[in-house]
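Before any comments, here is the structure.
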Amino acid sequence: MADIVGFGIAGVTVALATGGGHFAAPSFVLGAFGAATFRRRWVSENQFPRAVGDVNGDRMADIIGFGNAGVTVALATGDGHFAAPSFVLDAFGAANFGGGWASQDQFPRFVADVNEDGMADIVGFGNAGVTRCARHRRRALCGAHAHAWSVRSLEFRRRLEQRKSVSARGLQT
């Protein structure tokens, strides 16, 4: 069952699925990734998007945030709770030193298991083409798949969204 994970002013709130399309009352679980946290850095979903996906293969949805310098992750600990966030990758950040991914609308980043290893990968569509980062032996391997925006890259984006949707059904927080 999929739970609801919400990002508010103070941080992360979770409503656990109880079955039959119902959810438990929401509870505040993490004082991070909110508009009032970390020097007010998470104020814009367009500039600083957040997503959920299983980054470590434990079948629980972790939080992935794209900040100024790059990617920050909070691993799920079970029962809708998360560990303290940690900075994990100096890429896909909004600032120039973080990669210049300043707009989710212009340079979208997605989290999905594209190589079917049971762990979420990051795929970004930038000026130079498609960049993908996958975990391999506890470190991120990133590579550019350079081609301009085209029907083919838009088709890849559509297939990524389909895979993301299918993968999300099997995740739990």
Would you check if L171 is among the aliphatic types (A, V, I, L, M), closer than 26 Å to T77 by Cα, at pLDDT below 80 and crowded, with 17+ Cβ neighbours inside 10 Å? yes
Residue satisfying all of: in the stretch 107-134; in contact with a strand residue (DSSP E or B) (Cβ under 8 Å, 6 or more places away or on another chain) and charged (D, E, K, R); nearest to F92 (Cα to Cα) among these: R109
Does V88 qualify as being more than 14 Å from V5 (Cβ to Cβ) and not in a loop (DSSP other than H, G, I, E, B)? yes
How many residues are surrounded by 16 or more Cβ atoms within 10 Å (Cβ to Cβ) and among the small types (G, A, S) if we restrict to the stretch 1-24? 3
Look at the stretch 2-24 and say how many of its residues are assigned to a loop (DSSP other than H, G, I, E, B) and on the phi < 0 side of the Ramachandran plot. 7
Could you please find all residues in the stretch 25-70 being in contact (Cβ under 8 Å) with a residue 60 or more places away in the chain, part of a strand (DSSP E or B) and open to solvent by less than 10 Å² (accessible area, probe 1.4 Å)? G53
Filter the stretch 84-136 down to the residues that are in contact with a Cys (Cβ under 9 Å, 6 or more places away or on another chain), without any contact (Cβ under 8 Å) to a residue 40 or more places away in the chain and closer than 29 Å to V29 by Cα, then identify the one that is surrounded by the fewest Cβ atoms within 10 Å (Cβ to Cβ). A134
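The values are calculated or read from the model by the stated rules, or taken from the named source; none is laboratory data. Just so we're clear, the structure is a prediction, and the values are computed from it rather than from any experiment. Every residue, glycine among them, receives a Cβ derived from its backbone with ideal geometry; neighbour counts consider all protein chains shown. For accessibility, only protein heavy atoms count, side chains too; no ligands or nucleic acids. Shrake-Rupley method; radii C 1.70, N 1.55, O 1.52, S 1.80 Å.
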